[in-house]
Amino acid sequence: MDDNDYMRLALQLAEKGCGWTAPNPMVGAVIVKDGQIIGQGWHEKYGQPHAERNALAACTVDPRGATMYVTLEPCCHYGKQPPCVDAILAAGIRRVVIGSADPNPLVAGKGVAILRAHGIEVTEKVLQDECDRLNRVFFHYITTKHPFVVMKYAMTMDGKIAAYTGASRWVTGEAARSHVQQQRHRYSGIMVGVGTVLADDPSLTCHMEGGKNPVRIICDTHLRTPQQSQVVMTAKAIPTILATCCTDPSRHAPYIQTGCRVLCLNEKHGHVDLSQLMNRLGQEQIDSILLEGGGTLHWAALESGIVQQVQAYIAPKLFGGKTAKTPVEGMGVPTPDTAFRLKNSRMIRLGEDFLIESEVDYPCSPELLKKSEL
């Protein structure tokens, strides 16, 4: 096995922390001595020991003189855990192989500098693309302090998210729906508009065995969420946030009594200011959001520039219907050259369905978007 092989193993270990480490990154570590793996570990849960310390604790022989493979630059500051560089130095590790640099200003090259200053050989950028992709949420959050937003929807091959009657269960098959539950576990929050609550009364929970529920965020400009809805009735068990422009405390009271939190925000373009909402959620360490809204909220989110990734689950079906709903509505862009462009797309087969994941490029200027509203 070579450096790439050991780093791939470290990546597999890191993935085991998916859904549990936020707002920290997912990290895996492997320790090799005399061509044998003597220790391995990963960051298992936020607030618990980091991958490097777990790998050292799992060593079957003295790690002095060994090589450590770690997917992210070791930390060098005190947080909920002490610096990992201290543990590496104390263990007598001879060489450290790193996948990604850590953009956290508290680390950002300082960890590597400390290791080298103490005579440890450091090799960087091994499988960097894969390691960077693993922690794209962390990298976005630590540099912007805003959640990484994934706009998700399921549609037919003619672009419909429901039949003309409004019926939408089910557009995709079981494999695709199971994948969605994995995403609900992966991301910290799930966000919909009040229209989705009124139409479907969803629970917005994770149905994956052993999974965790995301924080539920309802964009409800005029505070119309039914008090008997599932999200309100279960708010004491599952964190639920109502984002609204309604400032009347008497209207807030019934929701607060059932366990909801009410965030009062400014109004923008007739709905809650989504940029302000992202700022508030980021302050509360909600590092990522799965946006499962309807066409109106999706357009508002794109227009506000808060979406980083699109997940389109596509079923080999045709619904037709002039009035059948589509994933993104709103005013739309005025011309093809002002479209929201997507890049770095990849396709995954899920049973009979397909998932296309893409990053949002945002080529549209604010001026062009304003013209589209006239």
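The values are calculated or read from the model by the stated rules, or taken from the named source; none is laboratory data. Predicted model only: the values in this text are computed from it and were never measured. Note that we place each Cβ from the backbone using ideal geometry, even for glycine, and neighbour counts take in every protein chain shown. Areas reflect the complete protein model, heavy atoms only, side chains present, ligands, DNA and RNA absent. Shrake-Rupley method; radii C 1.70, N 1.55, O 1.52, S 1.80 Å.
Structural remarks
- Met151, sole failed condition from (1) in a helix (DSSP H, G or I); (2) open to solvent by less than 30 Å² (accessible area, probe 1.4 Å): (1)
- The set of residues in the stretch 256-289 that are part of a strand (DSSP E or B), open to solvent by less than 50 Å² (accessible area, probe 1.4 Å) and more than 14 Å from Ile241 (Cα to Cα) comprises His271, Ser288.
- In this structure, Arg53 does satisfy being open to solvent by 20 Å² or more (accessible area, probe 1.4 Å), of a type in the set (D, E, K, R) and within 30 Å of Glu284 (Cβ to Cβ).
- Looking at Ala55, Ala87, Ala66, Ala91, just one residue is farther than 18 Å from His118 by Cα and touching a helix residue (DSSP H, G or I) at 6+ places or on another chain (Cβ under 9 Å), and that residue is Ala55.
- All positions within the stretch 92-107 that are modelled with pLDDT of 95 or more and not polar (S, T, N, Q): Gly92, Ile93, Arg94, Arg95, Val96, Val97, Ile98, Gly99
- Among residues of the stretch 22-41, those that are assigned to a loop (DSSP other than H, G, I, E, B) and among the hydrophobic types (A, V, I, L, M, F, W, C), counted: 3
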